[in-house]
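Have a look at the structure below, then the notes.
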Amino acid sequence: MIQHVAIIMDGNGRWATQRGLSRSEGHRAGAKQISVVADAARKLGIKYLTIYAFSTENWKRPEAEVSALMGLIVEFASSELPKMMENNVRLRTIGRTADLPLASRTALLNAIEKTKDNDGFTINVALSYGGRAEIVDAVNKILRERKSKKPVTEAEFRDYLYLPDMPDPDLMIRTGGNLRISNFLLWQLSYAELYVTPVFWPDFGEDDLKAALASFEGRERRFGGLNAENSGDAARQ
Ligand code: IPE
Ligand code: IPE
Ligand code: MG
């Protein structure tokens, strides 16, 4: 059963350009789509949704675009809060969120605090997030906090990641058609199934999510082992 879906919400800029709109308008349309897709995921029985909203590399973008995105975070956190409360949804963030402007941090912290006991569905928003930054942050936390000099195991390393209690994503969806990871969840995606669609994020809806889930259902996850048929053969040999 699929528990955790991660999404690289890409293509807002191209969606806007195709319509003669500014990139920031694309981001606005993209931000609205988050609640549509989160509602659909929740109703389909998924428990965790991790969405890539702003990467550590996205700080390189023009100041006007970055500030439009930071403004959208404030709007998203405050406008979605009543719905998240009503639907038993918990909001969390991953990333170097201390880098965000104060208004964005305040709105997020308020929503995180108010929704912290909701347990029906969890949305993790990746903000100023980089997979490498997360690994380096974990290493530095180990150097600061860990007393033992014993070698670190994989299971223990996980405890130092941003959300250690989160199961790894089963499925990673990327919209906008690019076949790359762009520094998303490098540790956690090690055995995720990947699904890339050319659909731009503002156009990605319930049917597109269902198509991604149908693709996932048809796959065999082997985690480095053998498939059911061959493992039977191996047992007989
Ligand atoms: C994704 O859309 C949103 C962010 C990276 C913030 P883009 O802005 O990257 O859209 P494209 O890839 O240029 O179309
Ligand atoms: C990935 O998209 C980051 C987010 C969706 C937040 P980008 O548009 O930044 O990725 P690249 O630059 O095409 O790899
Ligand atoms: Mg992009």
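The values are calculated or read from the model by the stated rules, or taken from the named source; none is laboratory data. Only a predicted model underlies this, so the values are computations on that prediction, with no experimental measurement involved. Neighbour counts are summed over all protein chains in view; Cβ atoms, including those assigned to glycine, are modelled from backbone coordinates with ideal geometry. Just the protein is used for accessible areas: all its heavy atoms, side chains included, with ligands, DNA and RNA removed. Shrake-Rupley method; radii C 1.70, N 1.55, O 1.52, S 1.80 Å.
Farthest toward the dipole's positive end in the stretch 54-95, which of Ala68, Asn58, Asn87, given Cβ charges of +1 (Lys, Arg) and -1 (Asp, Glu) about the Cα centre? Farthest towards the positive pole: Asn87. Taking label points 7 Å from Cα along the Cα-to-Cβ direction, Asp39 and Glu113 give a separation of 2.9 nm.
Averaging over all projection directions, find the projected area of the Cα convex hull of the stretch 178-226 and quote it in nm² with one decimal place. Mind dumping the intermediate values first?
On the way: hull surface 17.5 nm².
Averaged projected hull area, Cα only: 4.4 nm².
Placing unit charges on the Cβ atoms only, positive for Lys and Arg and negative for Asp and Glu, gives the stretch 72-114 a dipole magnitude near 140 debye about its Cα centre. In the full protein context, the chain carries 53 Å² of accessible surface per residue, based on a 1.4 Å probe and ignoring ligands, DNA and RNA. Normalised by 2.2 N^0.38 Å, where N counts its residues, the alpha-carbon radius of gyration of the stretch 88-200 equals 1.19. Each other residue within a Cβ distance under 14 Å of Ala138 adds +1 if Lys or Arg and -1 if Asp or Glu, for a net charge of 0.
Divide the volume of the convex hull around the Cα atoms of the stretch 1-131 by the residue count and you get 107 Å³ per residue.
Cross-linked pairs Lys47/Lys150; Lys43/Lys114; Lys141/Lys210; Lys60/Lys116; Lys114/Lys141; Lys60/Lys114: Cα-Cα separations exceed 29 Å for Lys47/Lys150; Lys141/Lys210; Lys60/Lys116; Lys60/Lys114.
Can you list which of the DSSP-assigned H helices in the chain have a Cα extent of 24 Å or more along the long axis and an average Kyte-Doolittle score of at least -0.5?
On the way: long enough: 23-43 (30 Å, -0.74); 63-86 (35 Å, 0.52).
Qualifying helices, which must be both long enough and hydrophobic enough, are 63-86.
A viscosity of 1.002 mPa s and a temperature of 20 °C, combined with the Kirkwood radius over C-alpha pairs in the Stokes-Einstein formula, give the chain a diffusion coefficient of 113 µm²/s.
Can you give the net charge of the other residues whose Cβ lies under 9 Å from the Cβ of Ser128, counting K and R as +1 and D and E as -1? Can you show the working numbers first?
Numbers: positive: Arg96; negative: Asp99.
Local charge sum for Ser128: 0.
What percentage of the solvent-accessible surface of the chain, computed with a 1.4 Å probe over protein heavy atoms, is contributed by carbon and sulfur atoms? Please report the intermediate quantities before stating the final value.
Numbers: 6590 of 12490 Å².
Roughly 53 percent of what the probe reaches on the chain is carbon or sulfur.
Of all the options Val36, Val125, Val89, the one that moves most in a Gaussian network model of the chain with Cα springs shorter than 10 angstrom is Val36.
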